[in-house]
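To start, the structure under review is shown below, and the notes come after it.
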Amino acid sequence: MRFASDPLELAALMRRQAALRLGPNAPAGAAGLRAGYLLLRRARALELAAAFSLPAISCLELNGWCGALLEAAAEVCPLPPASVRFCGWGEPLPVAGRSGLLEALVLQLVCNSLLYAGPRLNLELRLRAAGGCAHLIYTDSGPGLASGARPGFGFGAARAFARQAGGSFAVRAGGPGFVCGASLPLYPALPLLAPPRPSELLADRFSPVYIHLAPRCILPE
């Protein structure tokens, strides 16, 4: 593979490599399939990182978007269904932001929990509203974030999404349990971008659910 200095050019090269591993003529085997999705995951991270400093281009209703993403994630996580919980809010929560960054925020948090929180994992995403803001709170039952731990791509996407929305994102260091949250101003007057359906996310082999959860999820055949 020739060297690519531009992140988006490198992402395009990774996607072409992934297509060879995931196409109809690819060698059979779970290892090759997962390697292809991990390449897509790296490509998607590069693509989204390029959007970190850009302004929001749409308005997203958090109940619909977060509920769909977590429901689809629960279907492919190697966990009992009761271990993945979503607690929505009884009223619409419209916030400004890019859908790709919200997908990365939610799904990368789930992926981190699957990777680091241990075998008896429980995770929960809760939504609340107060003071003109939507509050997204994510918790898991793992050991928590170690002091001095290096933030990964998921935290970068979360902070970028919150910044685009005019809000903030914070992570609690230490434990027990991992806790993070975003506070996002509500924008009730803006038109909403329709959320995906969980069934659509699961039926699409190239959906963000499989790409972001590739290290641990059950991948489509």
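Numbers at a glance
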| read-out | value |
| --- | --- |
| Residues that are touching a Lys or Arg at 6+ places or on another chain (Cβ under 7 Å) and either in a helix (DSSP H, G or I) or touching a residue at least 60 places away in the same chain (Cβ under 8 Å) (or both), drawn from segment 59-101 | Ala68, Pro78 |
| Wholly within segment 102-221, helices (runs of 4 or more DSSP H) carrying at least 1 residues that are modelled with pLDDT of 95 or more and of a type in the set (Asp, Glu) | 198-203 |
| Test: residue in segment 148-156 that is within 23 Å of Glu91 (Cβ to Cβ), open to solvent by 50 Å² or more (accessible area, probe 1.4 Å) and out of contact with any His (no Cβ under 8 Å at 6 or more places or on another chain) | no |
| Residue under evaluation Pro55, criteria (1) touching a residue at least 40 places away in the same chain (Cβ under 8 Å); (2) part of a helix (DSSP H, G or I); (3) open to solvent by 10 Å² or more (accessible area, probe 1.4 Å), criterion not met | (2) |
| Residue under evaluation Ala130, criteria (1) more than 27 Å from Arg205 (Cβ to Cβ); (2) over 17 Å from the mean Cα position of the chain (by Cα); (3) open to solvent by less than 20 Å² (accessible area, probe 1.4 Å), criterion not met | (3) |
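The rows are residues; the columns are (1) hydrophobic (A, V, I, L, M, F, W, C); (2) open to solvent by 40 Å² or more (accessible area, probe 1.4 Å).
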| position | (1), (2) |
| --- | --- |
| Gly142 | no, no |
| Ala160 | yes, no |
| Gly177 | no, no |
| Leu193 | yes, yes |
| Pro196 | no, no |
| Ser207 | no, no |
| Arg216 | no, yes |
| Glu221 | no, yes |
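The values are calculated or read from the model by the stated rules, or taken from the named source; none is laboratory data. Note that the structure is a prediction, hence the values are computed from the model and not measured. Cβ: placed from backbone, ideal geometry, glycine included. Neighbour counts: every protein chain shown. Heavy atoms of the whole protein, side chains included, go into the accessibility calculation; ligands, DNA and RNA do not. Shrake-Rupley method; radii C 1.70, N 1.55, O 1.52, S 1.80 Å.
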